[in-house]
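Here is the structure we will look at.
No lab work stands behind these numbers, since they all come straight from the coordinates. Small disclaimer: the values here were computed from a predicted structure and weren't measured. A quick note on method: Cβ atoms are made from the backbone with ideal geometry, for glycine too, and the neighbour counts reach across all protein chains shown.
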Amino acid sequence: MTDSNSADSDLREAWHGYYSEKRIAHQWLQVALLRDLPIRNVLEIGPYLGLVTAMMASAGYAVTTLDIEAQSNGVGSERHIQADIRDVDPGTIHGFDAILCCETLEHIYWQKLDSVLQRIAAAGAPWLILSVPYEGFQFAFELYFNRQRWRRRSHFRKFRFLRRFAIRSETEWEAHKWEIGYRGHSLKAFQRKIEAAGFQITKREFTSGCRSVFFVCRNGAATIDS
């Protein structure tokens, strides 16, 4: 097998392993939240394997991706910026109608979130779509059946606020450094960080599949077309 075929095979395996049935709805919501906003040019931070990039491009958005890696797997991306969101120059990410930053901030230490959110606000995009893992108290149950088969799916989260989040690795980027719902990482505390950076939270949504909380945020320092 050639190196190219091996890389393609590895990508397909990673894609199918990551985008499970429960995760697809989570990816869909990232794009659905853009629907009622007056935007066209979107900066997507942390595209990973590119499903959201492809969906946004298919929906008619002009997408630029940003990642610490040198290239993006996102089919439909018009441009890719290689940068670390922890120290990116806001001028480098200026000129977008919206910034999409989903399932990324949990990889950054809680104490450094304020400066990252301030950099995103300083870039001047009128809108920010944000999501992070949510492990607060919650319960979900789904049952499906017909004459041939049945299946059920459920999850129940409680008492996470009594425990501190266990970081699997202090050095690896992929390891989560915190999640909402654990001791010291409440939803209210995270919302205060968003607002302190200059954003107004206009909408909040929760997903049961990937158990995340989403925010649609308006940048108070930006001019927004009606």
Check: Which percent of Cα-Cα pairs in the stretch 76-142 sits in each 5 Å bin, short to long?
Finding: 3, 13, 23, 25, 15, 7, 6, 5, 2, 0
Notebook entry, point to check: Quick one: which of 168-179, 186-197, 140-151, 92-103 comes out on top by average Cβ neighbours within 10 Å, and what's the full order, highest first?
Noted result: 92-103, 186-197, 168-179, 140-151
Check: About its Cα centre, how strong a charge dipole does the chain have in debye, to the nearest 20, once Lys and Arg get +1 and Asp and Glu get -1 at the Cβ?
Finding: 1520 debye
Next item on the list: Mind pulling up the Rg/Rh value for the stretch 179-226? Radius of gyration and Kirkwood radius, both on Cα.
Entry: 1.04
Item checked: Table column - 3J(HN,Hα) (Hz), the stretch 56-61, Karplus curve with 6.51, -1.76, 1.60, x for Gly and Pro -> 5, 4, 5, 7, x, 8
Check: Just for the Cα atoms in the stretch 1-93, what are the lengths along the principal axes, largest first, rounded to whole Å?
Finding: 46, 31, 22
Checklist line | By average C-beta atoms within 10 angstrom, highest first, the peptides 205-211, 80-86 | finding: 205-211, 80-86
Notebook entry, point to check: Residue farthest toward the positive end of the dipole of the chain, with Cβ of Lys/Arg at +1 and Asp/Glu at -1: which of Ser186, His16, Phe156?
Noted result: Phe156
Margin query: Helix-only mean residue ellipticity at 222 nm, the chain, DSSP H runs n ≥ 4 weighted -39,500 (n - 2.57), per residue, nearest 500. What is it?
Written below: -7500 deg cm²/dmol
Margin query: Averaging the inverse of every distinct alpha carbon separation and then flipping it gives the Kirkwood radius. What is it for the chain, in angstrom units?
Written below: 18.7 Å
Next item on the list: Could you run the Karplus curve 6.51 cos²θ - 1.76 cosθ + 1.60 with θ = phi - 60° over the stretch 13-23 and give me ³J(HN,Hα) per residue in whole Hz, x for Gly and Pro?
Entry: 5, 5, 4, 5, x, 8, 8, 6, 4, 5, 7
